[in-house]
Amino acid sequence: MDHAKMAMDQPAEHQDMSNMDMTHMDMDMGDGHMMHMGNLKRKFWVSLILMIPVILMSPMMGMTLPFQLIFPGSDWVVAILGSVLFFYGGAPFFSGAKAELQMKRPAMMTLIAMGIGVAYVYSIYAVIANDLFHVTPVVNNFFWELSTLIVIMLLGHWIEMNTVMNAGSAVDALGKLLPQTAHVVDDQGNVTDVNLSDLQVGQTVVIRAGEQIPADATIVTGTSAVNESLVTGESKAVKKASGDSLIGGAVNGTGTLTATVTGTGDSGYLAQVMKLISDAKNAKSKSENLADKVAGWLFYAALFAGILAFIVWLTVADLTVALPVAVAVFVIACPHALGLAVPLVVSRSTALAAQNGLLIRNRNAMEQVNKLKFALMDKTGTLTMGEFKVNHLVSLTPDLDETVVLQHLAALESGSSHPLATGILTAAQARNLTITPATDTHQETGLGQFGTIGDTTYGVVSVNYLDQHHLDYDHDQFTKFAAEGNSISYLVAGEQVLGLVAQGDQIKPAAKTLVASLKRQGITPVMLTGDNQETANKVAASVGITEVKARLLPEDKERLVKAYQQKGKVLFIGDGVNDAPSLARADVGMAIGSGTDVAIESADIILVSSDPADVIQFLDLARATQRKMTENLWWGAGYNLIAIPLAAGVLAPIGFMLDPMVGAVIMSLSTIIVAINAMTLKVKDVAVD
């Protein structure tokens with residue numbers, strides 16, 4: 001990733017996932033505060049180097065270790081190194097804590113900042129008291145705890161950033177759908193190329209065959225079949241003629257169009273989609289993950305316990321007793337194990353996911369899986385292959401067999417990029433037919449393609465052409481094939497109907513299994529599509545979906561996601577630009593790997609193999625991961641929940657105070673336990689039912 005960013009407000013260049021360079025990656029350190037990956041890596045290594053002499057020259061919670069190196073003035077060396085470590089390595093956590101407090105939502109950053117802040121201030125006080133004023137008894141410092149906490153927390157965030165995939169910028173990918181220049185026609189008819197940024201509403205542009213449409217426009221002259229699938233999700237190329245609207249970013253077919261620009265910049269269609277994505281991402285980023293919630297609870301618990309302990313001990317004893325007890329509470333609350341609890345599980349689960357064709361780009365989405373109530377999914381490319389296939393080929397005259405019918409159809413369509421034409425040409429290639437392109441080809445918008453083969457003019461036409469020209473055909477046969485979800489074209493010569501071809505977008509083999517699995521898990525499947533209602537109903541019925549919404553624009557889909565979110569958590573699965581706002585808005589957005597860059601960069605999870613069965617794998621892995629996260633959080637927070645009241649002296653009336661050395665040992669054990677527990681997440685947890 002050349003310039004990977006994990007925030008919508010910091011656009012990225014287009015990324016190559018096969019050549020990841022994590023040194024330029026950013027991470028949200030708390031409510032929008034960004035930490036640059038290169039800075040984090042550098043901070044970790046510098047802090048680690050500084051930590052080594054600190055732990056060699058300072059005791060752990062007052063416990064002198066055999067390997068420690070103590071000499072006259074060593075306390076001051078530790079204080080200097082600890083200060084550098086505190087201000088340099090701890091800076092991201094204070095920035096993150098500031099952001100959390102501004103949002104009135106203290107979490108992990110605030111808990112860390114409190115721990116290292118109290119440890120540093122008290123440790124400086126201890127050095128001054130011991131070395132300048134020679135107080136007795138000696139005041140213990142907490143530089144050991146300060147240094148290890150900073151390094152462990154930096155390591156935890158580094159692990160997480162290295163394992164979570166680049167979030168990218170869907171907005172940048174959308175911009176790549178538009179060409180860099182437009183062919184503008186002036187009043188004298190001269191054509192000049194201008195930068196897209198200089199294009200204005202009302203100007204006339206020429207859009208040549210195969211070019212991307214530079215902006216929203218209305219056709220003045222010309223006819224063509226426009227491929228809008230990247231934008232609208234509609235699998236068929238749309239016939240366009242004078243007076244029809246064009247969407248910026250769509251691809252022109254074989255005809256040359258002259259059009260008047262109706263929308264540029266913020267007023268264009270893609271710009272509106274960009275805004276939808278950005279708004280959805282911003283709304284979604286406000287969600288709080290479980291680790292931050294636990295850290296928030298611990299922050300309040302430690303703050304309350306520390307202040308209460310200070311007041312109580314100040315009342316029953318004096319300041320020399322109350323202050324160390326309060327500081328011990330705040331320092332013991334430092335989340336060493338908690339800081340690694342989630343990153344280690346994320347690292348393990350991300351590796352397992354990658355082995356099973358899943359790329360996890362937003363680990364917070366995994367925490368939503370147990371709450372999912374609805375699975376909204378696109379049709380074309382998600383449940384279906386997005387490729388038309390010849391299902392029926394019929395000769396309607398004894399003069400031509402099926403092979404010749406297909407050969408003529410392919411000859412007429414040989415120069416077309418229309419999906420239906422592609423299906424015919426693929427079928428001809430599969431039969432190893434020799435295709436000589438028809439001559440004098442031309443289109444009749446909405447009716448068909450015509451050309452000359454030999455001395456005869458043939459046409460590949462729709463049923464509308466037959467009806468308009470009152471040509472006889474088998475209506476029952478048409479109804480039968482259409483009911484199967486096929487698009488039907490006829491081969492004609494003059495007034496004679498010679499044959500027909502029925503093509504359908506094939507349903508993916510695992511689509512039905514996916515729907516059945518979702519239902520067993522109590523998740524309601526819903527199909528959303530920009531396609532027509534008849535085809536949508538057919539596909540939905542064949543895979544077992546009863547809730548169907550058709551003829552939808554991107555804003556319609558995103559609106560439906562928000563509507564379903566009023567009833568419960570929503571998973572959205574899609575692959576096109578029209579799906580991007582919905583992928584960003586959903587609680588869990590899952591992009592088909594063969595989809596557009598915009599969809600992929602708007603999603604939380606990417607299905608690399610584009611197999612619907614991988615959705616089931618993700619749900620199983622997410623649940624297993626969530627269990628491990630919960631277990632680790634209990635191990636990490638459980639230590640604090642027990643150690644904090646003991647350090648505060650809750651059992652002092654019966655003669656028990658938590659020895660700092662015991663607290664340090666337990667803290668280290670909890671860190672080891674969460675690491676081992678994370679590594680026990682196995683591939684077998686990812687099995688598909």
Legend entry - Inter-label distance for ILE128 and GLU211, nm, one decimal - labels placed 7 Å from Cα along Cα-to-Cβ: 7.3
Inset, instruction - Evaluate the distance, in nm, between pseudo-label points positioned 7 Å from the Cα of LEU101 and of LEU471 along their respective Cα→Cβ axes. - result: 7.9
Legend entry - Positive minus negative residues near LEU48 (Lys, Arg vs Asp, Glu; Cβ under 14 Å): +3
Legend entry - Above-threshold pairs, the threshold being 27 Å between Cα atoms, out of LYS98/LYS567; LYS567/LYS682; LYS562/LYS628; LYS519/LYS557; LYS43/LYS98: LYS98/LYS567; LYS567/LYS682; LYS562/LYS628
Inset, instruction - Report the normalised scattering of the stretch 293-450 as log10 I(q)/I(0) at q = 0.11 Å⁻¹, calculated by the Debye formula with identical scatterers on the alpha carbons. - result: -0.75
Inset, instruction - Mind giving me the nanometre distance, one decimal, between the label points for ASP399 and THR452, set 7 Å out from Cα along Cα→Cβ? - result: 1.8
Legend entry - Percent carbon-and-sulfur accessible area, the stretch 407-501, ignoring ligands, DNA and RNA, probe 1.4 Å: 46
Inset, instruction - Return the carbon/sulfur percentage of the accessible area of the stretch 38-158, one whole number, probe 1.4 Å, all protein chains in place. - result: 74
Inset, instruction - Could you sort 85-98, 536-549 so that the peptide with the highest average Cβ count within 10 Å comes first and the rest follow in order? - result: 85-98, 536-549
Inset, instruction - From the C-alpha gyration tensor of the stretch 425-515, pull out the three semi-axes of the equivalent ellipsoid (sqrt of 5λ each), sorted largest to smallest, in whole Å. - result: 27, 19, 11
Legend entry - Accessible-area value, TRP635, 1.4 Å probe, nucleic acids and ligands omitted, Å²: 120
Legend entry - log₁₀ of I(q)/I(0) at q = 0.26, 0.29 Å⁻¹ - the stretch 107-159, Debye sum with one point per alpha carbon: -0.94, -1.05
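The values are calculated or read from the model by the stated rules, or taken from the named source; none is laboratory data. Only a predicted model underlies this, so the values are computations on that prediction, with no experimental measurement involved. We place every Cβ from the backbone using ideal geometry, glycine too, and count neighbours over all the protein chains shown. Note: accessible area is taken over every heavy atom of the protein model, side chains too, but ligands, DNA and RNA are not part of it. Shrake-Rupley method; radii C 1.70, N 1.55, O 1.52, S 1.80 Å.
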